Amino acid sequence: MKMWQMSDETMSVSEIKQLQLERLQSTLNRVYNNVEFYHNLFNKLNITPEKIKSLDDIKHLPFTTKQDLRDNYPYGMFAVPLKDIVRIHSSSGTTGKPTVVGYTKRDLELWKNLVARIMVAGGVTKDDIVHIAFTYGLFTGGFGLHYGAEHIGASVIPVSSGNTRRQIMIMQDYRSSVLICTPSYALHIAETLESMGLTKDDIHLKYGLFGSEPWGEKIRSEIENRLGIIATDNYGLSEIIGPGVAGECLYKNGLHINEDHFYVEVIDPETGEVLPEGEKGELVITTLSKEAMPLIRYRTRDITRIYRDNCKCGRTLIKMEKPSGRTDDMIIVNGVNVFPSQVEEALKEIEDTTPHFMIYVRKKGALDMMEIHLEVSENLFFDEMKRQKEVLDKITEKLFNYLGIKPKVKLVEPKSLERFEGKAKRVIDERQQ
Ligand code: DLL
């Protein structure tokens, strides 16, 4: 299996831990000396960088949250003067001020190498024609993947998102071999291709690297079958670097985390306690080599587990399971916790359903009401009422098993729900309005 930085991606666990400790200590010194926020916080807690003598000691360090980034908006978390910042991105926050992230020249070098690792792991080579349909702009997806692909030496087409028919024309004419976007946009591209009377045989795609939102195996197999590709998942977040934090190899069983640059922990989101490897909780990341904006124990709010295995690709980097959602995605319906990913999971085994659904939560008197609109196949939609009713009962039953509550389910016509060019939205909570 090809790798971009073989010696870094195949270190032994003891080598990696030694490197992480050295990098952690220098990061702690850097933030203590250069970031007022950390300086004051460490002083308040009576922590000095010298007190952190082992990786285990990291649990004594405080967490950093998105709120801390907001409180220090826009540049307060930077550890270098602005003159050393060469790029600024920001996160797509839906509430309040966005969070701003900066990069030095060396950070950009690091970033493109980490993205290159993930792209090579997902099958990309210098001979590929890489079609990037992530938005270019403040969002890290477009530029992040762009520089990684160029660094490998692939031919990059910076299409950006939108105008799907034109995307397909470009794919046909320029012979794009790799598609890069969100999984929901990939599905939308597949549908548009079919609505234009074309099939996967009319395009030249071989691989797809998708990320930036949660997606399950049902969506993966739909995309793979309809576009004729091998689809891998990759994960990242702007606060940490953008894409390039973790990615699947072609064995598609867990995302390899670039742990020589990011130290990961999984915590119980309620208590903040560190959980043993293998247990599910909130992912917390400490950057180990970033210059412009190092972060200590950043709470990602993403839910996953981390584990080591002997991956057949040869990489020894610790893995994370596909993130199943975010702690703040959780909706509470009459006291029961529900994650949109559970709905996707429940529908996986039911024939004639599609991955397109929207969850509405409303108030009915004092009670919460959850209604799921679900697109079904043409066959079923136009089938007799009796069969529709059977499927509806099956779906409701399955959802009850997964969620612990019985939502109202409405089967809707194929292609009637909104489609997304970026991250998909799965919940409309009308209780807050
Ligand atoms: O989405 C960075 C990125 C761009 C990653 C392109 C991969 C590809 P943000 O806009 O800051 O950055 O959003 C970060 O998106 O905390 C997760 O909740 C979610 N997310 C990102 N990748 C995945 C994934 C980019 N593969 C937030 N699976 C993160 C599930 C993901 N969720």
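Quickly estimate the mean residue ellipticity at 222 nm for the chain, helices only: each DSSP H run with n ≥ 4 gives -39500 (n - 2.57), and the total goes over all residues, rounded to 500. Write down the numbers at each step before the final one.
Details: 12 runs with 137 residues, N = 433.
That comes out to -9500 deg cm²/dmol.
May I ask you to derive the FRET efficiency for Leu198 and Thr396 from their Cβ-Cβ distance with R0 = 41 Å, giving the value to the nearest 0.05?
Efficiency computed from Cβ-Cβ geometry: 0.70.
With only Lys, Arg, Asp and Glu charged, each at its Cβ (+1 for the first two, -1 for the last two), find how big the charge dipole of the chain is about the Cα centre; round to the nearest 20 debye.
I would put it at about 620 debye.
With only alpha-carbon pairs counted, each pair once and no self-pairs, how large is the Kirkwood hydrodynamic radius of the chain in angstroms?
22.9
For segment 194-222 and segment 118-177, compute the distance between their C-alpha centroids and round to whole Å.
Centre-to-centre distance over Cα atoms comes out at 14 Å.
Take the alpha carbon atoms of segment 19-40, find their center, do the same for segment 259-310, and report the distance between the two centers in whole angstrom.
Cα centroid of segment 19-40 versus Cα centroid of segment 259-310: 17 Å apart.
Please list Glu191, Glu378 in order of solvent-accessible area, largest first, computed with a 1.4 Å probe with all protein chains present. Numbers along the way, then the final one.
On the way: Glu191 20, Glu378 105 Å².
Output order, biggest surface exposure first: Glu378, Glu191.
At a 1.4 Å probe, what is the % contribution of carbon and sulfur to the accessible area of the chain?
Using a 1.4 Å probe with all protein chains present, the chain comes out at 50 percent carbon and sulfur.
Could you pull out the chymotrypsin sites (Phe, Trp or Tyr not before Pro) across segment 319-407 that fall in loop regions by DSSP (anything but H, G, I, E, B) with no more than 13 other Cβ atoms inside 10 Å?
Phe382
Over all Cα pairs of segment 90-171, how is the pair count split among 10 Å bins, expressed in % and running from 0 up to the last occupied bin?
Binned Cα distances yield the sequence 18, 42, 31, 9, 0.
Are there trypsin sites (Lys or Arg not before Pro) in segment 343-389 that DSSP puts in a loop and that have at most 16 other Cβ atoms within 10 Å, and which ones?
Answer in residue order: Lys348.
According to a simple spin-label model (label point 7 Å from Cα along Cα-to-Cβ), what is the distance in nm between Glu270 and Phe37?
Modelled inter-label distance: 2.8 nm.
In square angstrom, what is the accessible area per residue of the chain with a 1.4 angstrom probe?
Result: 44 Å² of accessible area for each residue.
What length, rounded to one decimal in nm, is gained on full extension from Asn225 through to Tyr73, with 0.36 nm per residue of separation minus their alpha-carbon distance?
Result for the pair: 50.3 nm of gain on full extension.
Place the peptides 282-294, 308-320 in order of packing, highest mean first, counting for every residue the other Cβ atoms within 10 Å and averaging per peptide. Each step should come with its number before you reach the end.
Working: 282-294: 23.5, 308-320: 16.5.
Highest mean packing first, the order is 282-294, 308-320.
Tell me which trypsin sites (Lys or Arg not before Pro) from segment 213-280 have a DSSP coil assignment and no more than 12 other beta carbons within 10 Å of their own.
Sites meeting the loop and neighbour criteria: none at all.
Please work out whether segment 307-374 counts as rounded, prolate or oblate from its C-alpha gyration tensor, where a ≥ b ≥ c are the square roots of the eigenvalues and a/c under 1.5 means rounded, while otherwise a/b larger than b/c means prolate and anything else oblate?
oblate
For segment 1-326, what does the relative contact order come out to in percent, with C-alpha contacts under 8 Å and a separation of six or more?
Taking the mean separation of contacting Cα pairs over the length of segment 1-326, I get 19 percent.
Taking amide hydrogens as modeled 1.01 Å from N in the peptide plane, which residues meet the under 5 Å criterion relative to Thr64, leaving out close sequence neighbours?
Those qualifying (amide H under 5 Å, at least 5 residues apart or on another chain) are Tyr298, Arg299.
The values are calculated or read from the model by the stated rules, or taken from the named source; none is laboratory data. Given the structure is predicted, the values throughout are model-derived calculations rather than measurements. Cβ sites come from the backbone with ideal geometry, for glycine too, and all protein chains shown count toward neighbours. Ligands, DNA and RNA are excluded from the accessible area calculation, which covers all protein heavy atoms including side chains. Shrake-Rupley method; radii C 1.70, N 1.55, O 1.52, S 1.80 Å.
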